1. Hey, what did the range 87-167 get for relative contact order, percent, Cα under 8 Å, at least 6 apart?
2. Hull surface divided by four, with the convex hull built on the Cα atoms of the range 8-222: how many nm²?
3. In percent, what relative contact order does the range 8-222 have, based on Cα pairs under 8 Å that are 6 or more apart in sequence?
4. Give a residue-ordered list of calculated ³J(HN,Hα) values for the range 107-120 (Karplus: 6.51 cos²θ - 1.76 cosθ + 1.60, θ = phi - 60°; whole Hz; x for Gly, Pro).
5. If we count other beta carbons within 10 Å of each Cβ, what is the order of SER154, SER74, SER196, fewest first?
6. How many percent of DSSP beta bridges within the range 8-222 run antiparallel, rounded to 5?
7. Using only alpha carbon positions, build the gyration tensor of the range 104-171, then give the equivalent ellipsoid semi-axes as the square roots of 5 times its eigenvalues, largest first, whole angstrom.
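Just so it is clear, none of the values below were taken in a lab; they were calculated from the coordinates. Only a predicted model underlies this, so the values are computations on that prediction, with no experimental measurement involved. A quick note on method: Cβ atoms are made from the backbone with ideal geometry, for glycine too, and the neighbour counts reach across all protein chains shown.
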Amino acid sequence: MTTTTPTLLEICIDSYESAVAAIRGGADRLELCAALSEGGLTPTVGLLREVRKFVVAAARPVQLYAMIRCRRGSDFCFSDPELAIMVADLHLLAEHGADGFVFGALTEQAEIHREHCRLIAEEALRLGKPVTFHRAFDCTAVDRMGDNLRLVGSLGFTTILTSGFESTAVRGLDNIQRLAELAKDLATPVTIMPGSGVSPANARDILQQTGCRAIHASARSASKKGGAGGLSMGGSAADGEGSESKLIDEPVRLT
């Protein structure tokens with residue numbers, strides 16, 4: 001009898017309300033961040049602890065992965081002091097119940113930073129925590145995807161979150177499919193997880209066309225919360241958005 005490997009649904013959140021909605025909607029794993037409007041930064045220990053409490057109370061085996069990224073910026077290049085900050089954050093988050101981590105670092109030439117990535121992966125794995133390489137992978141050279149896939153695996157990462165070197169996973173379907181095929185030949189398994197622009201309308205097609213068994217979404221809708229007196233404290237229109245169970249439920253059924 002043939003058995004089908006269940007698909008893992010990861011939802012990216014940056015607030016307690018978003019986490020609760022994602023869990024109620026059926027997410028298998030949460031990527032905990034701060035400031036999704038900035039692409040996601042390291043979350044607070046407080047957020048992790050409160051979400052962990054909800055997971056325990058809900059009696060659902062939801063994994064909590066924490067983003068490790070100490071500041072905004074699209075270059076993913078970090079100084080040695082910044083790396084020390086992120087190592088400290090990783091240990092603190094692990095101490096308070098993070099199941100895994102999400103990280104990526106590049107050189108100024110947009111190549112994978114071997115030393116920085118190896119250090120973070122080794123620190124996490126020493127604590128028994130797996131690590132996902134985030135979409136910094138999409139900033140590397142598309143014609144080196146095979147080499148970089150093997151490099152990421154050799155550094156200790158277990159998953160690559162990717163939009164296939166395009167702005168959305170739908171646009172990058174061919175490259176995601178190619179990565180998934182290449183990953184099958186690795187000595188150490190690396191999961192290819194499509195992300196960016198994933199919605200109830202396209203989740204099934206992305207999974208079917210790529211053959212992937214994990215998918216990443218940030219199911220957000222505008223929050224009704226407003227500041228006191230409508231005062232703006234900076235940021236973007238994306239601030240204050242949160243996941244809603246109804247937006248997550250359909251991808252769960254599809255997967």
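1. Taking the mean separation of contacting Cα pairs over the length of the range 87-167, I get 32 percent.
2. Across all orientations, the range 8-222 yields a mean hull projection of 11.0 nm².
3. Relative contact order, the range 8-222: 16 percent.
4. 7, 5, 8, 6, 10, 4, 7, 4, 5, 5, 5, 5, 4, 4
5. The fewest-first ordering by Cβ neighbours comes to SER74, SER154, SER196.
6. Roughly 10 percent of the DSSP beta bridges within the range 8-222 come out antiparallel.
7. Semi-axis lengths for the range 104-171 are 21, 13, 10 Å.
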